Amino acid sequence: MKYDFEPLIDAEEVSRLLGLHPKTVQQMARNGRIPGIRVGKFWRFRKSEIDQSLREGVNSARYACRQNEETLS
């Protein structure tokens, strides 16, 4: 029987992908900000789930934008 599944990556690999410190990645997983799986005392992640989570989390309404006087009237 052959299983076809996406391999899990560790917090170090996610930190390199996102440009964050590994402890920050672990904290984000604990807080539910990124999807992760706790295996014993280690966090494991799927690249596809991280990518999907980041794409869904992009919200341009969060960022301030300037409006000129013409668009206000």
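Computed from the coordinates by the stated procedures, all read-outs in this text should not be read as laboratory data. Note that the structure is predicted; figures quoted are calculated from it, not measured.
3J(HN,Hα) along the stretch 42-47, derived from phi through the Karplus expression 6.51 cos²θ - 1.76 cosθ + 1.60 where θ = phi - 60°, amounts to 10, 9, 10, 9, 9, 4 Hz, with x in place of Gly and Pro. For the stretch 1-56, the average shadow cast by the Cα convex hull is 4.5 nm², which is a quarter of the hull's surface.
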